[in-house]
Amino acid sequence: GDYKKQVTAGFNALVRSQDADGGFFKSGTNNARLYTQAQCTIAVCELYGMTKDTNYRHVAELAVKFCVEAQDPELGGWRYEPRFDSDTSVTGWMVMALQSARMAEFDVPSTTLSKVGEFLDSVSEGGSRYAYQVGVVPNEVMTAEALLCRQYLGWSRDDPRLLEGVKFVMQFPPRWEDRNLYYWYYG
């Protein structure tokens, strides 16, 4: 298409930044590491999924493998470092990456997805409101993100817990004065 040159340049930049284990993070604060991984994984999976170009397959597979292996074995989500701790924010981006992988017809282990559900259960209040981490008060931002994850994990659009969560989120419409782009994205 019209942007083939730009897309190719972007993909090549991602390839240059990916290490042998599939990770994309090179420098910056450690709290950006798995956010970076998730977002780069979304990009390469979407590119492969749209084109089925075999040149993109290995990069995407390696990225997905890194995400799966980085999951916290205890809590079931992701946070800033591979295999250590979980929060709803990073977990949401990782779930979106895994959903992009699934849509591109990559295998995502069912155990990985089950663990995500367990993590979401642990930060949930009644299945309809979600917190950033275990023991933290639920809020509309994390609830919006977690509800998207629940849909990707199989909740139907008429699941009572989802509908209750949506009612909660709807109490907090986006406000220009707040400019919480993170919430605007998920809400």
Residue set 44, 7, 15, 68; condition in contact with a Pro (Cβ under 7 Å, 6 or more places away or on another chain) and either in contact (Cβ under 8 Å) with a residue 24 or more places away in the chain or part of a helix (DSSP H, G or I) (or both); output residue 68
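Take the residues in region 132-143 that are in a loop (DSSP other than H, G, I, E, B) and more than 22 Å from residue 97 (Cβ to Cβ), then tell me which one is most open to solvent (accessible area, probe 1.4 Å). Walk me through how you get there before you give the answer.
First pass over region 132-143, keeping only residues in a loop (DSSP other than H, G, I, E, B): 132-138.
Those still in the list that are more than 22 Å from residue 97 (Cβ to Cβ) too: 134-138.
Details: 134: 84, 135: 82, 136: 70, 137: 111, 138: 30 Å².
Checking each candidate, the answer is 137.
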For region 96-124, pairs from a residue that is closer than 25 Å to residue 140 by Cα and hydroxyl-bearing (Ser, Thr, Tyr) to a residue that is open to solvent by less than 30 Å² (accessible area, probe 1.4 Å) and assigned to a strand (DSSP E or B), with Cβ under 6 Å and 6 or more apart or across chains, are 124/130
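Which residue, of 53, 19, 107, is open to solvent by 10 Å² or more (accessible area, probe 1.4 Å), modelled with pLDDT under 95 and not hydroxyl-bearing (Ser, Thr, Tyr)? Break it down into steps so the answer makes sense when it comes.
Working: 19 fails: modelled with pLDDT under 95; 107 fails: modelled with pLDDT under 95.
Just a single option satisfies the conditions, and that option is 53.
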Among (1) at pLDDT below 95; (2) of a type outside the set (A, V, I, L, M); (3) not in a helix (DSSP H, G or I), residue 185 falls short only on (3)
Note: among 124, 128, just one is of a type in the set (S, T, N, Q), in contact with a strand residue (DSSP E or B) (Cβ under 9 Å, 6 or more places away or on another chain) and under 27 Å from residue 101 (Cα atoms), namely 124
Among residues of region 144-187 being open to solvent by 60 Å² or more (accessible area, probe 1.4 Å) and among the aromatic types (Phe, Trp, Tyr), the residue nearest to residue 110 (Cα to Cα) is 152
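Scan region 161-177 and tell me whether some residue there is assigned to a loop (DSSP other than H, G, I, E, B), over 27 Å from residue 43 (Cα atoms), aromatic (Phe, Trp, Tyr) and free of Cβ contacts under 8 Å to residues at least 12 places away in the same chain.
From region 161-177, those assigned to a loop (DSSP other than H, G, I, E, B) are 171-177; that's our starting set.
Imposing the further condition that a residue be over 27 Å from residue 43 (Cα atoms) reduces the set to 171-173, 175-177.
The next check asks that each one be aromatic (Phe, Trp, Tyr); those that pass are 172, 176.
Pick out the ones that are also free of Cβ contacts under 8 Å to residues at least 12 places away in the same chain and you get 176.
Yes, the conditions are met somewhere in region 161-177.
Identify, from the list 76, 92, the residue that is closer than 28 Å to residue 137 by Cα, under 14 Å from the mean Cα position of the chain (by Cα) and outside any helix (DSSP H, G or I). Full working, then the answer.
Numbers: 92 fails: outside any helix (DSSP H, G or I).
When all the criteria are applied, what remains is 76.
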Take residue 80 and tell me if it is within 24 Å of residue 147 (Cα to Cα) and in contact with an Asp or Glu (Cβ under 9 Å, 6 or more places away or on another chain). yes
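The values are calculated or read from the model by the stated rules, or taken from the named source; none is laboratory data. Just so it is clear, the model here is predicted, and its values are computed rather than measured. Ideal geometry is used to build each Cβ from the backbone, glycine not excepted, and the neighbour counts take in all protein chains shown. The area values use the complete protein model at the heavy-atom level, side chains included, leaving out ligands, DNA and RNA. Shrake-Rupley method; radii C 1.70, N 1.55, O 1.52, S 1.80 Å.
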